[in-house]
Amino acid sequence: MKRFMLFMFVFMLALSACAPKTEAPAAAVLKVGDGTISKSYTADDLKALGAVQASFNGVTYVGVTLSALLQDAGIDPANLKAVKAVAADGFSANYDASFFAAEDTIVAYATVDGPLSADDGIFRMVLPAAEGKLNVRQLVEIVAIP
């Protein structure tokens, strides 16, 4: 019986060594680029760029203006035709200059009441003057289109 127990212990130990390793999730980042320039931002990086507020559907969000974020990434918004916001699930929305250059278009990292909801994700677009589908949640990438 002792040998069987020892065998089972060694067998279970060997199985646990073969199990897939789960790593701690990397810090959530937002990628910003235009095909030649690429920069990644954490929520703390966005906070360092300043804080502005914009409201959508009764929620006041805190974030950085999209134009300030593009400039920080080395992209001149004046030279762009469009900007594409991409969600974690692949959904995307394209913005023309009337949206991406607006001072109330922000990339939010919080609300005035605290962190973003789980549905919003780490980052979300907030365009107060736009319909809901343009306010991309679970934002993971911003692509500038020259």
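What the table below lists for this structure:
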{"item": "Test: A51 is among the aliphatic types (A, V, I, L, M), farther than 21 Å from A101 by Cβ and at pLDDT 95 or above", "result": "no"}
{"item": "Test result for K39, of a type in the set (D, E, K, R), within 27 Å of V143 (Cα to Cα), modelled with pLDDT of 95 or more and not in a helix (DSSP H, G or I)", "result": "yes"}
{"item": "Leading residue by the ranking (nearest to the chain's Cα centre (by Cα)) among those in the stretch 108-142 that are assigned to a loop (DSSP other than H, G, I, E, B) and polar (S, T, N, Q)", "result": "Q138"}
{"item": "Qualifying residue in the stretch 73-84 (condition: among the β-branched types (V, I, T) and touching a strand residue (DSSP E or B) at 6+ places or on another chain (Cβ under 6 Å))", "result": "yes"}
{"item": "Count - residues of the stretch 130-145 that are open to solvent by less than 90 Å² (accessible area, probe 1.4 Å) and at pLDDT below 95", "result": "2"}
{"item": "Matching residues, the stretch 70-107, being in contact with a Ser or Thr (Cβ under 8 Å, 6 or more places away or on another chain), assigned to a strand (DSSP E or B) and hydroxyl-bearing (S, T, Y)", "result": "Y95"}
{"item": "Members of the stretch 82-122 found to be over 24 Å from D34 (Cα atoms), surrounded by fewer than 18 Cβ atoms within 10 Å (Cβ to Cβ) and among the charged types (D, E, K, R), listed by number", "result": "D113, D119"}
{"item": "Condition broken by M125, with the remaining ones in (1) open to solvent by 20 Å² or more (accessible area, probe 1.4 Å); (2) touching a strand residue (DSSP E or B) at 6+ places or on another chain (Cβ under 8 Å) satisfied", "result": "(1)"}
{"item": "Yes/no for L30 being crowded, with 17+ Cβ neighbours inside 10 Å, in contact with an Asp or Glu (Cβ under 8 Å, 6 or more places away or on another chain) and modelled with pLDDT of 95 or more", "result": "yes"}
{"item": "Residue within the stretch 62-69 that is free of Cβ contacts under 8 Å to residues at least 24 places away in the same chain and outside any helix (DSSP H, G or I) present", "result": "no"}
{"item": "Condition check for A17: modelled with pLDDT under 95 and either in contact with a helix residue (DSSP H, G or I) (Cβ under 9 Å, 6 or more places away or on another chain) or among the small types (G, A, S) (or both)", "result": "yes"}
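The values are calculated or read from the model by the stated rules, or taken from the named source; none is laboratory data. Please read these numbers as outputs of a predicted model, since none were measured by experiment. Positions of Cβ are backbone-derived with ideal geometry, glycine not excepted, and every protein chain shown enters the neighbour counts. Each accessible area value is taken on the protein alone, full model and side chains, heavy atoms only, with ligands, DNA and RNA left out. Shrake-Rupley method; radii C 1.70, N 1.55, O 1.52, S 1.80 Å.
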